[in-house]
1. Assign one of three labels to the stretch 150-238, namely rounded, prolate or oblate, based on the Cα gyration tensor with a ≥ b ≥ c the square roots of its eigenvalues; rounded applies when a/c is under 1.5, prolate when it is not and a/b is larger than b/c, and oblate otherwise.
2. Kindly identify the chain as rounded, prolate or oblate by the Cα gyration tensor criterion: order the square roots of the eigenvalues as a ≥ b ≥ c, call it rounded if a/c is under 1.5, otherwise compare a/b with b/c, prolate if a/b is larger, else oblate.
3. If I fit a long axis through the Cα atoms of helix 219-237 and take the longest principal axis of the Cα atoms of the chain, what angle between them do I get, 0 to 90°, rounded to 10?
4. Kindly give the semi-axes, whole Å and largest first, of the ellipsoid equivalent to the stretch 108-155, taking each as the square root of 5 times a Cα gyration tensor eigenvalue.
5. Against the longest principal axis of the chain, how steep is helix 87-103, in degrees 0 to 90 to the nearest 10, with axes from Cα atoms?
6. Using just the helices of the chain, give the 222 nm mean residue ellipticity in deg cm²/dmol: DSSP H runs with n ≥ 4 each add -39,500 (n - 2.57), and the total is spread over all residues, rounded to 500.
7. Rounded, prolate or oblate: pick one for the stretch 49-117, where a ≥ b ≥ c are the square roots of the eigenvalues of its C-alpha gyration tensor, a/c under 1.5 means rounded, and failing that, prolate if a/b is larger than b/c, else oblate.
8. With everything on Cα atoms, drop me the angle between helix 195-206 and the longest principal axis of the chain, reported from 0 to 90° to the nearest 10.
């Protein structure tokens, strides 16, 4: 027996299926990540395809089947047109969509993920990137990982739980956060972090996406932040 529902969604990806069909991946407001097939989507006169472009909000109607879902309706509600006008914004938005599509399983429903995606697209639409592609992507990554249960511990030492003080602190990928000098041991391989590095990590986790491009730090701090996030993501993907 099939079941029909409507929900707001963000298009993550699409792939060809059969001769003229396509399977779309969405992250929805009420049902998490959803895969749905569109019949004859590759035909020029397809009434749904024009509403399913990325970088916007679309209201979709899904017929939930036993083996696969079918997209019954689609209506574009809001397209973030400014993203399409800037190649840096396109890269950032594309990265966000691909990351969610790759690491979030179908059926996983968390409105925080939908809100993060929506806020990320809105930020790109309304604010300038000014060469901060890697920084934007790294911030989105760490916030998504936090929602999925992999939030790095940066408030206290992950070993002894005591407040962090200036010193030889390191960010341990293996332990999942900052380790103080007293708790670090020979088994810890990590990146040495200074107070400004820790401050940036804390701010990223606290601030909303709409405010992240207002962050200010030195080039070296941002570079280290990007390195930590890349290694943190790699660790949890494997």
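1. Prolate, since a/c reaches 1.5 and a/b exceeds b/c.
2. In terms of gyration-tensor shape, prolate.
3. So the inclination is approximately 60 degrees.
4. Result for the stretch 108-155: semi-axes of 21, 15, 7 Å.
5. Roughly 90 degrees, rounded to the nearest 10.
6. The helix-only estimate for the chain comes to -11000 deg cm²/dmol at 222 nm.
7. oblate
8. Helix 195-206 sits roughly 30 degrees off the main axis of the chain.
Every read-out reported here was derived from the displayed coordinates using simple, explicitly stated rules and does not represent laboratory data. Keep in mind it's a predicted model, so treat the numbers as computed, not measured.
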